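One structure is given here, and the rest of the page talks about it.
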């Protein structure tokens, strides 16, 4: 069995025709978007959200404790909404890329089948068989590639959603803890 090589990879892309180049670009965009989302979610600094905002020394002593609690609540709510909006908008883009992968594979199948039928229309013996084989190969390799791109991405998108929800819960936990501290230190203590 021959090991994986760059030459084999390149010959597979070339044998699939122009659709394979589009699938390669789509795969690059899809997986870089997924990895970027995961890195963003993991690197969101929840402590920075907690640290800035409700300290009286930063704001000045003009706010009452109730106003301070309300301002902190608004800050946390805005942070959570911005986080959700960013993740949801990026997931919409990622879903569009995900859906495009099998569809591009299907387009490659159609192109390959057209090549196959063109080969069948020739009455040239061995040349006919070669064109039919190339058309079938092109049809199958693009379909396979589209599915190989889409199926793992589907699971990774599920992971992004799970990690995102976990980070949202962490943000909510920080909000609850901050409000608890403000209530202990505030007018209700």
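The values are calculated or read from the model by the stated rules, or taken from the named source; none is laboratory data. Here the structure is a predicted model, which is why all the values come from computation and not from measurement. So basically every Cβ, Gly included, is an ideal-geometry build from the backbone, and we count neighbours across all protein chains shown.
Tell me the residue from 116, 109, 128 that is touching a residue at least 24 places away in the same chain (Cβ under 8 Å) and in a helix (DSSP H, G or I), please.
Criteria check complete, one pass: 109.
Of all residues being under 20 Å from the mean Cα position of the chain (by Cα) and modelled with pLDDT under 90 in segment 139-189, which is farthest from residue 71 (Cα to Cα)? Just the residue, please.
Result: 167.
Among 30, 39, which is the only one that is surrounded by 15 or more Cβ atoms within 10 Å (Cβ to Cβ), modelled with pLDDT of 90 or more and in a helix (DSSP H, G or I)?
Unique residue meeting the criteria: 30.
Every residue, every condition in (1) closer than 27 Å to residue 94 by Cβ; (2) in contact with a helix residue (DSSP H, G or I) (Cβ under 9 Å, 6 or more places away or on another chain); (3) surrounded by fewer than 17 Cβ atoms within 10 Å (Cβ to Cβ), yes or no:
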site	(1), (2), (3)
117	no, yes, yes
121	no, yes, yes
134	no, yes, yes
138	no, yes, no
141	yes, yes, no
145	yes, yes, no
